[in-house]
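Notes follow once the structure below has been shown.
Please treat every number below as a calculation from the coordinates, not as lab data. Bear in mind that the values here come from a model prediction, so they are computed numbers and not experimental data. Cβ coordinates were reconstructed from backbone atoms using ideal geometry, including for glycine residues, and neighbour counts include every protein chain displayed.
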Amino acid sequence: MSRLADPDRLRALLDTFAALSEPDSGPGVTRLAYTPLERDAHAVFAARLADLGAVVRTDAAGNTLAELAGTDPAAPAIGTGSHLDSVPNAGRFDGIAGAAAAVETARLIREHEVAHRHPLRFVVFAAEEGARFGQACTGSRIVAGLTGPDDLREKRDAEGVSLAEAMSAVGFDPALVGDARWDPADWAGFVELHIEQGAVLESEGRRVGVVDTISGSTRLRFELTGRASHSGGTPMHLRADAAAAAAEIVLLVESVATHAAAGGTRATVGRIDIAPGSITTIAGAASLWVDVRGLDRGEQQRAAAEIVERAAAACDRRGVGFTSHPLAETPPVPLPAAVRDVLVATCADLGIDPTVLASGASHDAQQVNHVTPTGMIFVPSRDGISHDPAESTDIDDLALGTTVLAAGLLRLDAELP
């Protein structure tokens, strides 16, 4: 029998996950980190793997792990998986594609009774998206030992709820997250499938990509303090307009990133809050959230430092107070050539010519690579759109990527000690 992934099964599972969205939240999928809906999605994943005979557990960080035993009880595990939380008004593929691919991979292995020496673990990480708390990949950072209990008290969402408080609200004790840390000796390798969230594969007419580097990210929040006053009564030269200063900062962020783009640097102001928010009142305060991404750690840090320096100078010139608050710092990660080469060879065995490319987005694989050698498979994103209801990946491309994933895991099983 063929070990090809089934597009219809993948589509049905994607539909099931997409239906778990905050009601009245607008178009697309809204399923934020450490909410009951995220836990509901994890429960669906757990039930599907349990039905396939996997042993399922949830760790202290809220990550869900399911294991199919190998023929060698002493062998370390090979894993795959992704995440099920979303940004507000997201598409139905980001993270979910990798989780669905993990379920389908387990199903292929069980249906075809494929023997494997290593245990195979299927993982859904909690809180991958940084949209709620400003830090991406919280669940995978915890298993890698990069985030601990103290960090969980410091990160807060827009309503002031801390990561620790959000975890407690869905039944997890933040003081125990250290128990979720992975032992490198227990792992042999990990592969994550994800949509590209860019247009490289589509532009090249390729259906599968293999990632060689994952971009880093420096995330900052700027607080601007101006002087609220009447929009008609205050002459232009006597204003301390926080909104005008914020607008200048947006453009200087773009300018810095444009000049640093040759090194793979990108920078974005993804959110601005203005107060008091009245058409007849000059803005007295503004908050900006800035995301600086890079493929080179030095360039990423230099761009972030330049943005802070120039933003402070712009505010000083305008008579507006300025403070910068670091939210998260993740360096870029080159993925191991050994896993990448296995995935490329797997594609060749299947008659696929993949593109080897960098990921501009952060992923759980980036954190897992601190524990065990990790690889990534990309499938195309139509028009490069992601984090938007228009996000779309052809289901046949996802099925092909899942076929590569299943075959790649089995090839790693044969080649890894």
**OP:** Using only the C-alpha atoms of the stretch 22-100, find the volume of their convex hull and express it per residue in Å³.
**Re:** 98
Subject >> Translational D in µm²/s for the stretch 187-325 (Stokes-Einstein at 25 °C, 0.890 mPa s, Kirkwood Rh from C-alpha pairs) >> reply: 144
Subject >> Cleavage-rule hits (GluC sites (Glu not before Pro)) in the stretch 150-184: DSSP loop, at most 14 neighbouring Cβ within 10 angstrom >> reply: GLU159
**OP:** Whole Å is fine, so just give me how far the alpha carbon centre of the stretch 101-165 lies from that of the stretch 338-417.
**Re:** 17
Subject >> Difference of contour (0.36 nm per residue) and Cα-Cα distance, SER255 to ASP349 >> reply: 29.4 nm
Original post:
Where both residues lie in the chain, what percent of DSSP beta bridges are antiparallel, nearest 5?
Top reply: 70
Original post:
At q = 0.06, 0.09 Å⁻¹, what base-10 log of I(q)/I(0) does the Debye formula yield for the chain when every alpha carbon is treated as an equal point scatterer in vacuo?
Top reply: -0.26, -0.56
**OP:** Arrange the peptides 371-381, 29-39, 265-275 so that the one whose residues have, on average, the most other Cβ atoms within 10 Å appears first.
**Re:** 371-381, 29-39, 265-275
Original post:
Using modelled backbone amide H atoms (1.01 Å from N, in-plane), which distant-in-sequence or interchain residues come within less than 5 Å of PHE133's amide H?
Top reply: none
Original post:
Do the sum for the chain: with -39,500 (n - 2.57) for every DSSP H run of n ≥ 4, divided by all residues, what is the mean residue ellipticity at 222 nm, to the nearest 500 deg cm²/dmol?
Top reply: -11000 deg cm²/dmol
Original post:
So how strong a dipole does the chain carry about its Cα centre when Lys and Arg Cβ are +1 and Asp and Glu Cβ are -1, to the nearest 20 debye?
Top reply: 740
**OP:** Enter the angle in degrees (range 0 to 90, nearest 10) between the Cα long axis of helix 297-318 and the first principal axis of the Cα atoms of the chain, meaning the one along which they spread out most.
**Re:** 20
Subject >> Estimated inter-spin distance, ASP15 and ALA47, nm [label 7 Å along Cα→Cβ] >> reply: 1.6
Subject >> Inter-site label distance for ASP394 and ASP24 at 7 Å from Cα along Cβ, in nm >> reply: 4.1
Subject >> Positive-end extreme of charge dipole, the chain - chosen from THR372, SER255, PHE172 (charges on Cβ) >> reply: SER255
Subject >> GNM flexibility winner over the chain from ALA175, ALA60, ALA126 (Cα, springs under 10 Å) >> reply: ALA175
Original post:
Mind ordering 65-73, 142-150 by average Cβ neighbours within 10 Å, highest first?
Top reply: 142-150, 65-73
